[in-house]
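Written out below as structure tokens is the structure these notes cover.
The values are calculated or read from the model by the stated rules, or taken from the named source; none is laboratory data. None of these values were measured; they are calculated from a predicted model. Methodologically, a virtual Cβ is constructed for each residue, glycine included, from the backbone with ideal geometry; neighbour enumeration extends over all protein chains shown.
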Amino acid sequence: MKHLNWGHGLAIALGCFIVFILFLIFIFPIGKQNAEMVSDNYYEEELQYQDIIDAKNNAAKLAQIPTCKASSEGILITFPEGSKVDNNTANFILFRTDDSNLDVKKEATLQHNLLLIPAKVISKGSYTLKLKWKENKKPYQVDYDILWK
């Protein structure tokens, strides 16, 4: 068996470096294929962010916030008894961080303080549910992390 000298070690190190660079070029980008901006109109949303902060602070001051529960029919949102939602409507955004094509945005009418997001509009994966509503013309927003199976 031959002994390795410095030339062999240099060739092995250079070969490992070349394999590493090829990995970075060809294999590593495959995992980044759905890398896209979170929002297409980021600047406009950033200008309105203070409204979102105020709505979240208003919701934090509530004695009870709406509850969110996943079931086989979909995502059921239950508003507390005694809450008087303006026009009996709430807006929700099911925000999918890895694929914006799967986002769901809708304004829905509450029925007996309940709101159901049907299972047929939701794909498997992780979502952020942004629930927005107004009571006495005062905005509220609550965010929930949901894993839909």
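What number of residues in the range 65-79 are free of Cβ contacts under 8 Å to residues at least 60 places away in the same chain and either touching a strand residue (DSSP E or B) at 6+ places or on another chain (Cβ under 8 Å) or outside the structural domain of residue 129 (by TED's automatic domain parsing) (or both)? Write out each step before concluding.
Step one: filter the range 65-79 for residues free of Cβ contacts under 8 Å to residues at least 60 places away in the same chain, giving 67, 69, 71-74, 76-79.
Subset that is either touching a strand residue (DSSP E or B) at 6+ places or on another chain (Cβ under 8 Å) or outside the structural domain of residue 129 (by TED's automatic domain parsing) (or both): 67, 69, 73-74, 76-79.
Number of matching residues: 8.
Working only within the range 104-115, note down all residues that are exposed (fewer than 14 other Cβ atoms within 10 Å of the Cβ) and either over 23 Å from residue 64 (Cα atoms) or in contact (Cβ under 8 Å) with a residue 24 or more places away in the chain (or both).
Residues satisfying the conditions are 105, 106, 114.
Quick test for you: out of 86, 143, pick the one residue that is under 24 Å from residue 50 (Cα atoms) and modelled with pLDDT under 90.
Result: 86 is the single residue among 86, 143 that is under 24 Å from residue 50 (Cα atoms) and modelled with pLDDT under 90.
Would you mention how many residues in the range 65-75 are in a loop (DSSP other than H, G, I, E, B) and more than 15 Å from residue 90 (Cβ to Cβ)?
Summing the residues that are in a loop (DSSP other than H, G, I, E, B) and more than 15 Å from residue 90 (Cβ to Cβ) in the range 65-75 gives 3.
Filter the range 96-143 down to the residues that are touching a Gly at 6+ places or on another chain (Cβ under 7 Å) and under 22 Å from residue 83 (Cβ atoms) and list them by number.
116, 117
Give the range 29-41 a look and list any residue that's part of a helix (DSSP H, G or I), exposed (fewer than 10 other Cβ atoms within 10 Å of the Cβ) and modelled with pLDDT of 70 or more, or say none. Can you show your working first?
Of the range 29-41, the ones part of a helix (DSSP H, G or I) are 29-32.
Going one step further and asking which of them are exposed (fewer than 10 other Cβ atoms within 10 Å of the Cβ), we end up with 30-32.
The answer is 30, and nothing else.
Would it be correct to say that residue 101 is under 18 Å from the mean Cα position of the chain (by Cα), surrounded by fewer than 11 Cβ atoms within 10 Å (Cβ to Cβ) and either without any contact (Cβ under 8 Å) to a residue 24 or more places away in the chain or not in a strand (DSSP E or B) (or both)? Spell out how you get there, then give the answer.
Working: under 18 Å from the mean Cα position of the chain (by Cα): yes; surrounded by fewer than 11 Cβ atoms within 10 Å (Cβ to Cβ): yes; either without any contact (Cβ under 8 Å) to a residue 24 or more places away in the chain or not in a strand (DSSP E or B) (or both): yes.
Spelling it out, residue 101 is indeed under 18 Å from the mean Cα position of the chain (by Cα), surrounded by fewer than 11 Cβ atoms within 10 Å (Cβ to Cβ) and either without any contact (Cβ under 8 Å) to a residue 24 or more places away in the chain or not in a strand (DSSP E or B) (or both).
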